[in-house]
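These notes concern the structure reproduced below.
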Amino acid sequence: MSDRHFDELAARFAEKIYGGAKGAIRLAVLQADLAEVLARRPLRVLDIGAGLGHMSLWLAQQGHDVTLAEPAAPMLEGARERFAEAGQQATFIQAPWQDVEARVDGRFDLVICHAVLEWLAEPKAILPVLHRLTAADGWLSLAFYNRDALIYRNLLKGHFKKLRAQSFAGERQSLTPQQPLDPRELATQLAPLWQVEHSSGVRVFHDYMPPEFQARTEPAELLEMELVYRRHPTFAGLGRYLHWLCRPH
C-alpha cells in the first residue's frame with residue numbers, strides 16, 4: 001500500500017467533502033477548537049496536506065502567517081485560487097509530507113495535519129516529522145478518521161461480515177480513507193512525543209441520523225448541537241473524525 005493523493009479527485013473531493021453539512025460541521029468543530037488555544041499574536045502556521053486550503057484561509061484571515069504543503073497539484077491550485085479570491089497571501093509548497101522539512105525553515109507555532117494519516121501507508125512515520133516541525137511551545141492540530149466510528153456505523157447497518165473480516169479500507173476511487181485509525185493505538189504512538197491537551201469528536205451524531213431527519217433539520221441547529229456535544233464523554237468518541245490538540249514534550 002502506498003500513500004494516497006488526490007490529483008484525479010480534487011473536484012469531487014471539494015464537492016463531496018465541503019459542499020454540504022458534513023464539511024460545514026467539520027470546519028466548525030476544528031475552528032472552535034483552534035479558537036480556544038490560538039494566541040492573539042500572529043502565529044507561524046504550517047498546514048501539511050492542506051488540500052483546498054479551507055483551514056489555512058481561515059487562519060490567514062485572522063492575520064497568521066500560513067504555509068500550505070500539499071502533494072496534489074490540482075488541490076494546491078484550488079487553494080491558490082481560494083486565497084486569491086479572498087485577497088489573502090500565503091506560501092504554497094507542492095510536496096508530500098516526506099519532503100516538507102527540506103522545503104521550510106525553522107519550526108512553526110501551529111502545525112496542522114488534518115485528514116492525512118488515514119491516507120498514508122505508514123501513518124506513524126509522519127509523527128516524528130510533525131514533532132520536529134513544531135516549536136517547543138507550539139501546538140499540533142491532528143484530525144484523523146476514527147476507526148471506532150466506522151465500526152459502529154457498520155454495526156448499525158448490520159455489516160457483520162465486513163466486521164468479521166476487519167475490512168475497513170475504501171475502494172480505490174472511493175473517498176472513504178484506506179486506513180482508519182484506532183485512537184488507542186495512535187495515542188500510544190503519540191505518547192513519547194506529544195501530550196494530547198484537548199480532544200473533540202467531529203460529527204458525533206450527524207452521520208448516524210436517518211436521511212429524512214437530516215433533511216428536515218436546520219443546518220444552524222446541526223452545527224450548534226455538534227459543537228455542544230463534541231466533547232461529551234460518551235459521544236465524542238463516536239465522531240467520524242477525532243480532533244486532538246497536542247503539545248510537544
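Rule-based calculations on the coordinates, nothing more; no lab input. Given the structure is predicted, the values throughout are model-derived calculations rather than measurements. Because the Cβ atoms are built from the backbone with ideal geometry, glycine has one as well, and the counts that use them run over all protein chains shown.
For the pair Glu218 and Arg40 in one chain, pulling the backbone fully straight at 0.36 nm per residue adds 60.8 nm over the alpha carbon distance. Each label point was placed 7 Å from the Cα along the Cα-to-Cβ direction; for Gln89 and Glu197 their separation is 2.8 nm.
What is the sum of charges, Lys and Arg at +1 and Asp and Glu at -1, for the other residues whose Cβ falls under 13 Å from the Cβ of Ser200? Surrounding charge for Ser200 is +1. Amide H contacts under 5 Å for His198: Leu245, restricted to partners 5 or more places along the chain or on a different chain, H placed in the peptide plane at 1.01 Å from N. Charge tally for Ile25 (other residues, Cβ to Cβ under 10 Å; Lys, Arg +1; Asp, Glu -1): +3. Given +1 at the Cβ of Lys and Arg, -1 at the Cβ of Asp and Glu and no other charges, the dipole of the chain around its Cα centre is 680 debye to the nearest 20. For Ala95, nonlocal amide neighbours, meaning residues 5 or more places apart or on other chains whose placed amide H falls under 5 Å from its own, are Glu70.
Taking every DSSP bridge with both residues inside the chain, close to 40 percent are antiparallel. Think of it as helices only: each DSSP H run of n ≥ 4 in the chain is worth -39500 (n - 2.57), and spread over all residues that comes to -11500 deg cm²/dmol at 222 nm. In sequence order, region 105-119 has phi-based couplings of 10, x, 10, 10, 6, 9, 10, 9, 9, 10, 6, 10, 3, 5, 9 Hz under the Karplus curve 6.51 cos²θ - 1.76 cosθ + 1.60, θ = phi - 60°, and Gly or Pro positions carry x. Mean-square fluctuations from a GNM of the chain, with a 10 angstrom spring cutoff on Cα atoms, peak among Ser56, Ser167, Ser200 at Ser167. How far is helix 73-86 tilted, in degrees, relative to the longest principal axis of the Cα atoms in the chain, given as a value from 0 to 90 rounded to the nearest 10? It works out to around 70 degrees.
Taking Cα atoms only, the orientation of helix 219-229 departs from the longest principal axis of the chain by about 90 degrees. Between Val228 and Gln62, the simple spin-label model (points 7 angstrom out along Cα→Cβ) gives 2.4 nm. Pairs of Lys residues in the chain, spaced 8 or more positions apart or belonging to different chains, with C-alpha separations under 26 angstrom: 5 in total.
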